[in-house]
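Enquirer: Following this message is one structure expressed as structure tokens.
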Amino acid sequence: MADASLLGELRGVRAATPSVWFMRQAGRSLPEYRALREGTTMLDSCERPEMVSEITVQPVRRHKVDAGIFFSDIVVPARLAGLGVEIKPGVGPVFDHPIRTEADVDALPPLDDVYDAALEPIREAVRLTVAELGTTPLIGFAGAPFTVASYMVEGGPSRDHLRTRALMRSQPEVWARLAGWVAELSGRFLRAQVLAGASAVQLFDSWVGALSEDMYRTSVQSHSAATLAHVSDLPVPRIHFGVGAAHLLTPMLEAGATAMGVDHRLRLDQALDVLPPGLPVQGNIDPATLFTSEEVRFAEARSVLTAGSRAAGHVVNLGHGVPPDADPQVLTDLVSYLHEQGAQRA
Ligand code: CP3
């Protein structure tokens, strides 16, 4: 499995055939997912290793993507650590008690042996999944401190992350303790997945685009770096991804990534102009093209391949997650189209 071409691309070894996976490839766009999840809440399903493994493998089986992404959520670690959090369908993660004061941070559960033991269903799910996937690599993931902490501070999804950004500015020491706690929380979750068999990781900082480069460097970068440091001694590529984060590519790379995920707002060749030579990239087909004609979609796929062609390595992905109402057949056809482009290139 160590020779899977997707892992090669992430290490700067180009293959003739493009490698592709999709963020949110597991989930509501698949009828087999909806059938399996029926009657189980999202977060309960994440604690059932057999279910997690089956859901992770479903899109690999159906679409023939080149990697599985571990089925879980960025707030699963918080729940395993003992916090009250649910995922409200159609809304997103909602915390029982928002974290906004020093006393709230004091009351966060310790991340000790009890938390390590609570990660056992994650390890078990990874082991089952890796056995099932065979030669297809499994990508592990975690949420970055800013994105996870923003759900904790706001109490739920938010457009502007105003309370979070206000906390950073008005009580920087309280923010630093909270972000440090999340770094440890997500870092241990990431390490557990790799030690159980995941062969690459992705750190999701989905909402980090709300920050200026100054704010990122001052208040966030060291915490994201602390998260990634939990796996930096292990031989796995580390992808770092943010939405609307074109202005943060360099500081996010400097947080300890070995490859950068790019969303659909920035062309890959423009990202490569900013990034150091030799850096593998991932991305970035506009998810909107899933709702266009095949002609438009395949033209976008070719343009993404061209834009990524001078990178040291390129893993094709969408610019953000698969929307729940995407037609699964469109995804399957897109994967086979991308794989065929390789046959022509070779
Ligand atoms: O296929 C995969 O990508 C694997 C699993 C995965 C999920 N969430 C499953 C999920 C991953 C990698 C995530 C990460 C995640 N979770 C992120 C970062 C990635 C991104 O999309 O930016 C974020 C911001 C979250 C928080 C979150 N969890 C949101 C915003 C939502 C959607 C809420 C909704 O109903 O619209 C969730 C729920 C969630 N996570 C679902 C899935 C499959 C939907 C749950 C359901 O089936 O009802």
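Enquirer: For the stretch 41-83, what is the convex hull volume of its Cα atoms per residue in Å³? Before the final figure, lay out the partial values.
Expert: On the way: hull volume 3.0 nm³, N = 43.
Cα convex hull per residue, to the nearest whole number: 70 Å³.
Enquirer: Ok, one more. Determine the share of the chain's accessible area contributed by carbon and sulfur atoms, expressed in whole percent, with a 1.4 angstrom probe.
Expert: Numbers: 7110 of 13560 Å².
That fraction is 52 percent.
Enquirer: Taking amide H positions as placed in the peptide plane 1.01 Å from N, state which residues far from Ala245 in sequence (5 or more) or on other chains have amide H under 5 Å from it.
Expert: Long-range HN contacts for Ala245: Asp263.
Enquirer: Still on this structure: Give me a comma-separated list of calculated 3J(HN,Hα) values for the stretch 40-46, in order, Karplus coefficients 6.51, -1.76, 1.60 applied at θ = phi - 60°, integers in Hz, x for any Gly or Pro.
Expert: 10, 5, 3, 6, 5, 4, 5
Enquirer: How high is the FRET efficiency between Gln270 and Lys88 when r is their beta carbon distance and R₀ equals 41 Å, given to the nearest 0.05? It would help to have the intermediate numbers written out before the result.
Expert: Values: r = 37 Å, r/R0 = 0.89.
Calculated transfer efficiency: 0.65.
Enquirer: Just report the Cα centroid separation between the stretch 97-163 and the stretch 248-281, whole Å.
Expert: Answer, in whole Å: 24.
Enquirer: With bins 5 Å wide starting at 0, give me the P(r) of the stretch 76-119 over every alpha carbon pair, in whole percents.
Expert: In order of increasing distance, the bins hold 5, 20, 24, 22, 18, 8, 2 percent.
Enquirer: Using the Cα atoms of the stretch 162-296, I'd like the radius of gyration and the largest Cα-Cα distance, Dmax, both in angstrom.
Expert: 16.0, 52
Enquirer: At what distance in nm do the modelled label points of Arg159 and Glu102 sit from each other, each positioned 7 Å from its Cα along Cα→Cβ?
Expert: The modelled label-to-label distance comes out at 3.4 nm.
Enquirer: Have a look at the stretch 210-270 and give its Rg and Dmax from the Cα atoms, expressed in angstrom.
Expert: That works out to 11.7, 32 Å for Rg and Dmax.
Enquirer: What are the residues whose amide H is under 5 Å from the amide H of Leu279, where those residues sit 5 or more places off or on another chain and H is modelled from the backbone?
Expert: Residues meeting the criterion, in which the H sits 1.01 Å from N, are Ala312.
Enquirer: Calculate, for the chain, the solvent-accessible area per residue in square angstrom, rolling a 1.4 angstrom probe over the heavy atoms of the protein chains.
Expert: Numbers: 13560 Å² over 346 residues.
Normalised by residue count, the accessible surface of the chain is 39 Å².
Enquirer: Where Rh is the Kirkwood radius over the Cα pairs of the chain, the temperature 4 °C and the viscosity 1.567 mPa s, what D in µm²/s does Stokes-Einstein return?
Expert: Details: Rh = 20.1 Å.
Answer from the Stokes-Einstein relation: 64 µm²/s.
Enquirer: Hey, another quick one. Between Asp325 and Gln171, what is the spin-label point distance in nm, taking each point 7 Å from the Cα along the Cα→C-beta axis?
Expert: So the label points at Asp325 and Gln171 sit 4.0 nm apart.
Enquirer: Continuing with this model, one more query. Counting DSSP beta bridges with both partners in the chain, what percentage is antiparallel, nearest 5?
Expert: Numbers: 4 of 28 bridges.
If we restrict to bridges inside the chain, about 15 percent are antiparallel.
Enquirer: Using Stokes-Einstein with the Kirkwood hydrodynamic radius over Cα pairs, what translational diffusion coefficient do you get for the stretch 91-172 at 25 °C and a viscosity of 0.890 mPa s, in µm²/s rounded to a whole number?
Expert: On the way: Rh = 15.4 Å.
It diffuses with D of about 160 µm²/s by this estimate.
Enquirer: How much of the pair distance distribution for the stretch 73-209 lies past 17 Å, counting alpha-carbon pairs only, in percent? Walk me through the intermediate numbers first.
Expert: On the way: 5566 of 9316 pairs.
I get 60 percent for the Cα pairs in the stretch 73-209 exceeding 17 Å.
Enquirer: Moving on to the next point. In whole Å, largest first, what are the principal axis extents of the Cα atoms in the stretch 1-121?
Expert: 55, 35, 25
Enquirer: Given N residues in the stretch 299-346, what is Rg(Cα) / (2.2 N^0.38 Å)?
Expert: 1.23
Enquirer: Another question about this same structure. Could I have the simple spin-label model distance between Arg127 and Arg14, label points 7 Å from Cα toward Cβ, reported in nm to one decimal?
Expert: Result for the modelled spin labels: 4.1 nm.
Enquirer: So if we plug the beta-carbon distance of Thr250 and Ala35 into 1/(1 + (r/R0)^6) with R0 = 41 Å, what FRET efficiency do we get, rounded to 0.05?
Expert: Working: r = 44 Å, r/R0 = 1.07.
Computed FRET efficiency for Thr250 and Ala35 comes out at 0.40.
Enquirer: OK, next. Please state the equivalent ellipsoid semi-axes for the stretch 244-346: what are the square roots of 5 times the Cα gyration tensor eigenvalues, largest first, in whole Å? Intermediate values should be presented prior to the final figure.
Expert: Details: eigenvalues 117, 52, 23 Å².
Calculated on Cα positions only, the semi-axes equal 24, 16, 11 Å.
Enquirer: So what are the ³J(HN,Hα) numbers for the stretch 16-25, from phi and the Karplus equation (6.51, -1.76, 1.60; θ = phi - 60°), rounded to whole Hz, Gly and Pro as x?
Expert: 5, 8, x, 9, 8, 9, 10, 4, 6, 5
The values are calculated or read from the model by the stated rules, or taken from the named source; none is laboratory data. Not measured: the values here are computed from a predicted model. All Cβ positions, even for glycine, are placed from backbone atoms using ideal geometry, and neighbour counts span all protein chains on display. Areas reflect the complete protein model, heavy atoms only, side chains present, ligands, DNA and RNA absent. Shrake-Rupley method; radii C 1.70, N 1.55, O 1.52, S 1.80 Å.
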